[in-house]
Amino acid sequence: MNNKTQLPLTGVRVVDFGQQIAGPAVAMVLADFGATVVHVDPPEGPQWDHPANAVLHRNKSCVRLDLKQDSGLAQALALIEQADVVIESFRPGVMKRLGIDFAKLRAERPELITLSVPGFASNDDLRKEWKATEAVVAATCGAFTDMGFNRVLMGVNPSFSPLPLGSSYAVSLAASSVVLSLLAREKSGRGDSIEVPVAAALMEGLSYNSYVIDGLPERYKTMRELEIEHRKTHNITMDLSYDDLQEYLDPFYRTYECADGRMFYCVCPSHRNHAKRALKLLGIYDELMAEGLPDVKDLHMPIAEWDGETSIGVYPLPKKWADIISAKMKKAFLTRTSDEWGKLFGEGQIPGAPHRTTQEWVNDEHTNASGLIVEVDDPEYGPMKQGGPIAWLEDIAEDMLTPRPRRQVTVTEALAELSAVAASETITRPTGSNIAPVSGKGWLDGVRILDLTNVIAGPHSAAFLSRFGAEVIKLDPVTPLYDPLIGTLFTFQTGVNKQSALVDITSYEGREAFNRLVRSVDIVVINAPERQMKPLGLDHDSLQAVHPGVLFCRLDCLGGPRRGPKTDYIGYDDIIQANSGIMSRFGGAATPEEHAHLGTLDVNCGFAAGLAMAVALYRKHKTGQVSRARTSLSAVTNLAQAPFAFDYQGRAPFDEPSGREALGNHELSHFYATSDGWVFIDSHRGELDKLEQVEGLQGISAAANLGDFLTQALGQAPVAYWTKELRKVDVAVAEPMAIENLRGQYSREADGTPGTDLGSFAFSIYPDHPSGHCITQVDHYSIRPSEARVRAFTPAERFGHSTRAVLASVGYTEQEIDSMIERRIAGLGWGKEYLPS
């Protein structure tokens, strides 16, 4: 890598024993930020023989060791002796049985940081010994059962998706935990032993799909939800076709066919300005106004007090107006090509994008120009397009765009590399007898964050860091930009552990309040395109003039380490799903579908922003340098598509499982119906001898068609039989679970603990939630340090609940605050209710 000494993790030495995706990808992320990484494979090579290893092992030196031999174990321990961080991703207890005991190593070297990324938690006695492949974790966590309203209405259950969502979330979470532990080590000298189960990471990633609000008002139910309720009540079969389903979608949140026969995804619900711009661009705004489309002034008032039946900027629209608007939009989109609409929407600051394939995404002009895709000259595949870094710092971003290809080395060479880096390190942390005892503090105790973000990705980033002790002030405008569905409903997740204040920072007095708040914090975070930074006074020079040394983090939609043609386009999770190929893969090229999980990319973008902020904090503590941290939805889509998002000369076709009929990767990695339900087997031809040992599967090795054989055989016995017998021979298998069932089984009334001691699943019930509703939501429990504290979250406040306290904390008197509220420079709430009825 060029200019590696400029990168923030230069000098950090990592030994990576990880296999498959999660472990190696954590080490890749650390290497992208400058860490020196030695990757260890077994003698026969990686367990996952896949071209994606060229991506996962860039910037690494790779060795092969047999840990079952004394000589191999001795070499592994010699590598670890030179390391700051050791990573593994096996089942709990495997490393210790092989002779690498993390507890013993840390007793000898308390500065060591160890990271384990198992499929299921080490304290999950039911599942920790299961063979936890990506698909087994996904099936067990409900990811193949709860695939959204579309699949319910079409009667498709179970569904299958080849996206490694569990690993993608685990990577961002685990990499963040390592950097935060490095930061804490700079102060105390102590490392930590951290576990991040993939299952827990996936549950956190799906958090917007699993929380329940008792007594949710009807206004928040979409046409799809209402149709599902109607069909269940009247015992009507869920059998909508794809085409019929489109008419149950909101006009501002659906796919349209364009003049070139390709599809365009319009995503501008819940925001009055976005919807109005879209209608004007399409040439139908005046028509709709003439036909009487209402425009309610305050969408946060109860519906009973509205001055119209609906409004632009409301999601979901009632069916009457949804049908009228959709019909006009369908005709309008047919007048231009999908590319033309993509440019018009982007330049018009309207969220929307053409549906494209992952192959098109990897080879797109913007992704390549912006550094979202980089080129690496791999020793096996030659020049190879790969996903760029998932997060970066603005001033060193260019140095992260020329990764060194992976290289195979001897153990002697690997030891020499680690030793040379160690010899050149300037140690700035306490060592020896100066290492502090275990404090029980959070990694970010005392760190203050000013959160200016909205929707999901941005606010989730600050909520994520709050579990480690960061204090977060959530600052919003006095007049909301979004309707209550996005503006308030998502806050049950994004607003935890935060003080909420409402201030109009566009006014002179509001700006002064903002400046005082900036001077009181360590980090400012926002989600917005680059073009808005100077007008908002959030460019580097302006912020440093207010508070020298303050750090800054920005998330956006299409941004990359460099500028590209679409850098300033705005958008949401769904837009990148459409543009990067996720929707075309999930639904099929001709019938693209949103990947079922709300926040599929949003949540991981929030985690990646947390990572970027952690790196910025570490760098400042170690060197004094002030950074602007960055990530984007586009950056993390490459991680979510790790097995697919690359290209090179002679690459196999982009023909991964696609569409509603897809039930697996291949015949031995597939859903099958049993006598009483479904089961997912995740095996391969190398395990046919194991399958032969299972009563009922004898003869499978000689079967002419494995799919037909398994269909017939597995239908003869129940799910419980097959899961038990296949696990006996160590074949990966799972019964697809539903999130609803997991929530019912693993929920408890909130008890002030984070759930890290409760296995792979943990939900908390808040019967006295500030909203007045009983809320059940997944805990913030996936990151499990053995020494640092992780705190349980406090429920999200109503918007403006802490305005007085926040303003008082930066020197305003009670009289001044009263005056600001009276003149709407500050506010105490949106509407009359926390969640408007």
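Net charge of the neighbourhood of residue 327, taken over other residues with C-beta under 14 Å away and scored Lys/Arg +1, Asp/Glu -1, is 0.
An ellipsoid equivalent to the stretch 730-792, defined through the eigenvalues of its Cα gyration tensor, has semi-axes of 24, 19, 7 Å when rounded to whole angstrom and sorted largest first.
The eigenvalues of the Cα gyration tensor, multiplied by 5 and square-rooted, give the stretch 257-402 an equivalent ellipsoid with semi-axes of 40, 19, 12 Å from largest to smallest. When the convex hull of its Cα atoms is viewed from all sides, the stretch 353-453 shows a mean projected area of 12.6 nm².
Its relative contact order, with pairs defined as Cα atoms under 8 Å and 6+ residues apart, puts the chain at 19 percent.
Would you kindly give the portion of the calculated P(r) for the stretch 686-837 that falls above 22 Å, as a percent of all Cα pairs? It works out to 67 percent of all Cα pairs. The alpha carbon convex hull volume per residue for the stretch 292-373 rounds to 153 Å³. The alpha carbons of the stretch 159-210 occupy a box of 48, 20, 13 Å along the principal axes, longest dimension given first. Annotation: amide H-H contacts under 5 Å for residue 352 (H modelled 1.01 Å from N, sequence separation of 5 or more, or interchain): 267. Shown for the stretch 439-486: the carbon plus sulfur share of the solvent-accessible area, taken with all protein chains present and a 1.4 angstrom probe, equals 54%. More than 22 angstrom separation, counting every C-alpha pair in the stretch 651-731; what % is that? So the portion of pairs separated by more than 22 Å is 22 percent. Whole-Hz Karplus values for the stretch 357-366 come out as 8, 5, 4, 5, 4, 5, 9, 6, 4, 5 Hz, taken residue by residue from phi with 6.51 cos²θ - 1.76 cosθ + 1.60 and θ = phi - 60°; glycine and proline positions read x. Give, as a single signed number, the net charge of other residues whose beta carbon lies under 11 Å from the beta carbon of residue 581, with Lys and Arg counted +1 and Asp and Glu -1. Result for the neighbourhood of residue 581: -1. Computed from point charges on the beta carbon alone (+1 for Lys and Arg, -1 for Asp and Glu), the dipole magnitude for the stretch 748-819 about its Cα centre is near 220 Debye. Normalised by the number of residues in the stretch 561-609, the mean separation of alpha-carbon contacts (under 8 Å, six or more apart) gives a relative contact order of 28 percent. Think of each Lys and Arg Cβ as +1 and each Asp and Glu Cβ as -1; about the Cα centre, that makes the dipole of the stretch 650-746 roughly 180 debye. Note on the stretch 590-692: with neighbouring protein chains present and a 1.4 Å probe, carbon and sulfur make up 51 percent of its accessible heavy-atom surface.
A convex hull fitted around the alpha carbon atoms of the stretch 28-81 yields 74 Å³ per residue.
Its Kirkwood hydrodynamic radius, worked out from the mean inverse distance over all distinct Cα pairs, puts the stretch 554-648 at 14.5 Å.
Rounded to the nearest whole Hz, the Karplus-based 3J(HN,Hα) values (6.51 cos²θ - 1.76 cosθ + 1.60, θ = phi - 60°) of the stretch 248-258 follow the sequence 9, 9, 5, x, 8, 8, 7, 9, 10, 7, 10, with x at glycine and proline.
Counting only protein heavy atoms and a 1.4 Å probe, the stretch 1-142 has 33 square angstrom of accessible area per residue. Listed peptides 737-744, 388-395 appear in the order 388-395, 737-744 once ranked by packing, highest mean of other Cβ atoms within 10 Å at the front.
Packing-based ranking of 280-291, 124-135, 32-43 yields 32-43, 124-135, 280-291, ordered from highest to lowest mean Cβ neighbour count within 10 Å.
Pairwise Cα distances in the stretch 385-514 exceed 22 Å in 65 percent of cases. Each residue of the stretch 133-141 is assigned a 3J(HN,Hα), and the resulting list reads 6, 3, 5, 5, 5, 4, 5, 5, 8 Hz, derived from the Karplus form 6.51 cos²θ - 1.76 cosθ + 1.60 (θ = phi - 60°), x at Gly and Pro.
When 667, 687, 398 are compared by accessible area at a 1.4 angstrom probe, the order from most to least is 398, 667, 687. The distance from the alpha carbon centre of the stretch 401-458 to that of the stretch 56-99 is 19 Å, rounded to a whole number. Span-like helix criteria (full DSSP H runs; alpha carbon extent of at least 30 Å along the helix axis; mean Kyte-Doolittle hydropathy of at least 0.0) are satisfied in the chain by 165-188, 602-623. The share of accessible area on the stretch 133-220 that comes from carbon and sulfur is 52 percent, using a 1.4 angstrom probe. A 1.4 Å probe run over the protein chains yields, for the stretch 212-355, 45 Å² of accessible area per residue, whole-number rounding.
In terms of its Cα atoms, the stretch 73-220 spans 58, 33, 25 Å along the principal axes, sorted from long to short. Convex hull volume of the Cα atoms of the stretch 1-153, normalised per residue: 153 Å³.
Distance from the Cα centroid of the stretch 700-725 to that of the stretch 501-569 is 58 Å (rounded to whole angstrom).
Counting only DSSP beta bridges with both residues in the chain, the antiparallel share comes to about 45 percent.
Rounded to the nearest 20 debye, the dipole magnitude of the chain is 1600 debye, with +1 charges on Lys and Arg beta carbons, -1 on Asp and Glu beta carbons, and the Cα centre as origin. Any of 319/832; 187/385; 280/474; 297/343 with alpha carbons more than 28 Å apart? Name them for me. Violating the 28 Å Cα-Cα cut-off are 187/385; 280/474; 297/343.
In the chain, a dipole from Cβ-located charges (positive for Lys and Arg, negative for Asp and Glu) runs towards its positive end, and of 633, 191, 720 it is 191 whose Cα lies farthest in that direction. Size of the stretch 202-331 from its Cα atoms: along the principal axes, largest to smallest, the extents are 42, 40, 34 Å. With Rh defined as the Kirkwood radius, the inverse of the mean 1/r over Cα pairs, the Rg/Rh of the stretch 701-746 is 1.10. Here residue 104 is the anchor, and the lysines within straight C-alpha reach of less than 18 Å, apart from those fewer than 8 places off in the same chain, are 96. The fraction of Cα-Cα pairs per 5 angstrom bin, counted from 0 for the stretch 51-96, comes to 5, 15, 21, 29, 21, 10, 0 percent, rounded to whole percents. Spatial offset of the stretch 106-162 relative to the stretch 643-677 amounts to 18 Å, using the alpha carbon center of each. Sorting the segments 653-663, 635-645, 318-328 by their mean number of nearby beta carbons within 10 angstrom, highest to lowest, gives 635-645, 318-328, 653-663. Solvent-accessible surface of the stretch 458-572, averaged per residue with a 1.4 angstrom probe and all protein chains in place: 31 square angstrom.
Normalising the Debye intensity of the stretch 595-724 to I(0), with uniform scatterers on Cα atoms only, and taking log10 at q = 0.17 Å⁻¹ returns -0.97.
The values are calculated or read from the model by the stated rules, or taken from the named source; none is laboratory data. Because the structure is a prediction, the values reported are computed rather than measured. Cβ atoms come from the backbone with ideal geometry, glycine included; neighbour counts cover every protein chain shown. These area figures cover heavy atoms from the full protein model, side chains too; ligands, DNA and RNA do not enter into them. Shrake-Rupley method; radii C 1.70, N 1.55, O 1.52, S 1.80 Å.
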